């Protein structure tokens, strides 16, 4: 358990490390690596279900694919090939880089070895079964040894291209051209080729006669929840945290932590359901916002954050019902155009989590509390004026699962001894 905590502490870096390409292109407040992983994982789920893939494997492959960047950093194909002059650099970044085959292979091998070394360093102290699974799925992503690995690899590039379109628009003289060239060179799967057409049809308003309505609706849903990459968690904003984590990066760590700790339960939980529930549990916040328990008393000033807020049972029930209705409306708005089976699945996963109805929901609610506390402890370590005591009270009240209580005790020892 101590090794899992240390692993998650290191993974926190992905919440704060901006993606290199956006930094080079001077994007203001660019997405972090964790935000990107959230997007790739969601897209792998959405499109993977149409391929009858092993979704559990595809989701985990996407979830693990950038863990190496905790130590290796975000290495792009342009590393070492760009001039220092910003204007010249931006011009080069508008096109996909062309290199001789031998040079490409040499650079790819060097990148692979560097990232492999970084990943093995990160996971070295985890339980052997967990370590082997993370490494084998990362290797599958890199080498494409399974249907799922071959499918997730180009989705990583497509997700980046969609983000580029959102940053730079659909004009001709933009860096997006380079991503289109890379994607078109890489993508071979017929479904992903159709998805690229859906992107052209919906975002570029191209006249494509082919019926792409379902893929357009999936794209629309993905773009909507992509707003979570830019949505800071309200609890941190209210406490004046600088550059707080986003909802997307929080969901990424909740999903990863939930998977890791569930492995200690010896398969008592439905793994695929837990992964999907983790990814779904907060997407309603695109429209509902990140609601905190303090909303009704904010007028009392900053002093309210120095203690955990107490409500009577009736007040709690009333607040829950109000939040539930607001979030339900928001979620229904987000998922309304999805295929019926996917729409129902996402709603039921969210509903179970919100009502704490199933063993997966009860476990995940406590994981959510642990991950939030861990983030609060990071902010407290940086600024001892950060009010940490209420988070401890909230966590000890909310957590009852023996495994999660054990993890909570290890966190307390780690950060307070």
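Bear in mind that the values in this text are calculations on the coordinates, not laboratory data. These numbers come from a predicted model, not from an experiment. Glycine gets a Cβ as well: all are built from the backbone with ideal geometry, and neighbour counts include every protein chain shown.
The alpha carbons of the range 1-230 stretch over 54, 46, 37 Å along the principal axes, in descending order.
Our summary of shape: the Cα atoms of the range 166-227 have principal axis extents of 29, 28, 22 Å, ordered from largest down, in whole angstrom. Computed over Cα pairs, the Kirkwood radius of the range 76-211 leads via Stokes-Einstein (1.567 mPa s, 4 °C) to a diffusion coefficient of 75 µm² per second. Ranked by how many other Cβ atoms sit within 10 Å of their own Cβ, fewest first, the residues 342, 53, 319 fall in the order 319, 342, 53. Translational diffusion of the range 231-417 was estimated from the Stokes-Einstein equation, with Rh taken as the Kirkwood radius over Cα pairs; at 10 °C and 1.306 mPa s the coefficient is 91 µm²/s.
Could you give the angle, 0 to 90 degrees to the nearest 10, between helix 55-64's Cα long axis and the longest principal axis of the Cα atoms of the chain? Roughly 90 degrees, rounded to the nearest 10.
With contacts taken as Cα pairs under 8 Å and at least 6 residues apart, the range 1-230 reaches a relative contact order of 22 percent.
Normalised by the number of residues in the chain, the mean separation of alpha-carbon contacts (under 8 Å, six or more apart) gives a relative contact order of 16 percent. The Cα-based radius of gyration of the range 220-290, divided by its Kirkwood radius, gives an Rg/Rh of 1.05. Based on DSSP H segments of at least four residues, each scored -39500 (n - 2.57), the chain has a per-residue ellipticity at 222 nm of -21000 deg cm²/dmol. Segment residue 23..residue 296, full-extension length gain: 94.4 nm, with 0.36 nm per residue of separation and the alpha-carbon distance subtracted. Going by neighbour counts of Cβ atoms within 10 Å, the residues 395, 267 line up, fewest first, as 267, 395. Axis angle, to the nearest 10 degrees, between helix 101-123 and the longest C-alpha principal axis of the chain: 10 degrees. One compactness figure for the chain is 0.99, namely its Cα radius of gyration divided by 2.2 N^0.38 Å.
As I understand it, the value is the acute angle between the Cα axis of helix 190-203 and the longest principal axis of the Cα atoms of the chain; what does it come to in degrees, rounded to 10? Result, in degrees: 80.
Maximal additional length on extending the residue 314-residue 405 stretch stands at 30.1 nm, based on 0.36 nm per residue less the C-alpha distance.
In plain terms, the residue of 35, 401, 140, 220 with the fewest other Cβ atoms within 10 Å comes first and the most crowded comes last, giving 220, 401, 140, 35.
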